[in-house]
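First the structure, in the form of structure tokens, and then the observations on it.
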Amino acid sequence: MRTTMESGYRGTAGSRAGVNAFRLGALVALVGPPLCVAAVEDTAFYGSLLGFVLILLAAKLGADVFERLRQPTVLGELLVGMLLSGLALAGVETLGRLKDDAALQVVAEIGVILLLFEVGLHSRLHELLEVGLSAAIVATLGVMAPVGLGWLVSQWFFPTEPWYVHLFVGATLAATSVGITARVLQEMNWLESREARIILGAAVVDDVLGLVLLALLSGTVSAIASGGSARLEAAAVGSILAKAAGFLVGAIVVGRVIHLRAVRYGLLMRVPGMGIVIALSFCFSLAALAGKLGLAPIVGAFAAGLILEPSDYEAYRERGELPIEQLIHPIAGLLTPVFFVMMGLRVDLRAFVSTESLGFALAVTLVAILAKQVCSLGVVQRGIQRWVVGAGMVPRGEVGLIFTGMGARLMVDNQPIFDASTVSAMVVMVIVTTLAGPLLLKVLLKSSVPPAARPGMVSNV
């Protein structure tokens, strides 16, 4: 989904990875006792505060290990959460209670809202309108194929589950994160190739299709949880789809006007920091409105980022304030890792003892990889290496985790859409696809003709 390149220190992957793993263990040993003391004294706030400290530090250590291994840092944060989950199973009960901590769940929710706000900031409405035919078809097939195949796999393994569980599994497979793909393309000097333009253009359309699908699913599940029919009815689906489309169109048209007026009024204030206050207030307001309408709050956050243009805050920059992206990034960088660690904590490692759970995890991972190859059939231009496009769409990354988190939180009859074993299988799928996608892409690029050696061709892809 994100096309921005991950940045940071690129060290060697050698001895420091092991040192950091040791530091993580020392950190748990250091912070664990205070957490236990806080729990014994029944000081919930202090326990939450120390839990926040533990998660922040552990997330950064895990991210640092994967950064040195030149792998997506989100995997380090996720695996740290899984490590804490394992320690909870080993007897450190306080760590197990972190996943149910209400305060930490709020922090995680704010973190994922800010993440989608950043994703929207790095997308442009004109880019959505300018994507070529190949990019549009690739994105459409890249959503339809995983949804259909994911539904079939889920129905095969869990025939007694209701239809919306199967659809949510398929929707989770449809999510795409191309941030790591963009980094590989840059490293291999393919970022200006037609294949790269198709991948990155398709990512813009994929963003919108994925979030509309998530809005449809969350609205449907919310309606069922409120006493609506659990049957898949065309009228109900059409109503929710109209609500989601109406929200997005209304947010873009009306929200743009409101946002520009708020920016102008903010210039009347003499206190510093009004730019970031307006931007975040706009983000949280649209997220809350989406939630009130029965849609996922992250749909509103993405719409807010899509509406907001960095140039809107040029007057604030002239007053000496930093660009809005630079102001939001450190806030998101502080809170977003909490979401990924909490997702890791939700993984029940005992689920992997079950042959059925392992079989489902394997099947859903294979389908996730193969389904994205279908989108390569959407390339209509000649001379395009279709397998490169398919491989570039494989990583699920943070987007797959967001969909998984939604499935774990949405409830029907006091039961989550995704139980512990399904969450665990989805997390395995995210890890494997996020690692396998870039590796497959590198193999294909090394055996392909580089863009500089091919005849130049300018086209709207």
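Every number here is computed from the coordinates shown, using simple stated rules; none is lab data. Note that this is a predicted model, so its numbers are computed, not measured. Cβ: placed from backbone, ideal geometry, glycine included. Neighbour counts: every protein chain shown.
Details
- Put simply, when 373-380, 80-87, 239-246, 389-396 are sorted by average Cβ atoms within 10 angstrom per residue, most first, you get 389-396, 80-87, 373-380, 239-246.
- FRET E, pair Val53, Ala420, Förster distance 22 Å, beta-carbon r, rounded to 0.05: 0.25
- Beyond 18 Å, the tail of the calculated P(r) for region 128-222 holds 52 percent of the Cα pairs.
- Across region 137-154, coupling constants 3J(HN,Hα) worked out from phi with the 6.51/-1.76/1.60 Karplus curve, θ = phi - 60°, read 5, 4, 5, 5, 5, x, 9, 5, 5, x, 4, x, 5, x, 4, 5, 5, 5 Hz, and Gly and Pro carry x.
- Spin-label proximity, Leu267 to region 313-329 - amide N less than 17 Å from point 7 Å beyond Cα toward beta carbon: 313-324
- Global form of region 109-452, assessed from the alpha-carbon gyration tensor, a/c cut-off 1.5: oblate
- Neighbours of Ala304, meaning other residues whose beta-carbon lies under 11 angstrom from its beta-carbon, give a summed charge of 0 when Lys and Arg score +1 and Asp and Glu score -1.
- Under Karplus coefficients 6.51, -1.76 and 1.60, residue-wise ³J(HN,Hα) of region 167-174 in Hz, glycine/proline x: 5, 5, 4, x, 5, 5, 6, 6
- 13 Å beta-carbon shell around Leu444, net charge (K/R +1, D/E -1): +2
- Over region 217-373, equivalent-ellipsoid semi-axes from the Cα gyration tensor in Å: 38, 24, 14
- Here the Karplus relation 6.51 cos²θ - 1.76 cosθ + 1.60, evaluated at θ = phi - 60°, turns the backbone of region 284-293 into coupling constants of 5, 5, 5, 5, 5, 5, 4, x, 5, 7 Hz, with x for every Gly and Pro.
- Formal net charge of residues neighbouring Met144 (Cβ-Cβ distance under 13 Å; K, R +1; D, E -1): 0
- Annotation: amide H-H contacts under 5 Å for Val412 (H modelled 1.01 Å from N, sequence separation of 5 or more, or interchain): Ile417.
- Extending 7 Å from the Cα toward the beta-carbon at both Glu192 and Phe45 defines two label points whose distance is 5.8 nm.
- Whether region 278-437 is rounded, prolate or oblate, judged on the alpha carbon gyration tensor where a/c under 1.5 counts as rounded: oblate
- Nonlocal amide H pairs with Leu267, under 5 Å, H built at 1.01 Å: none
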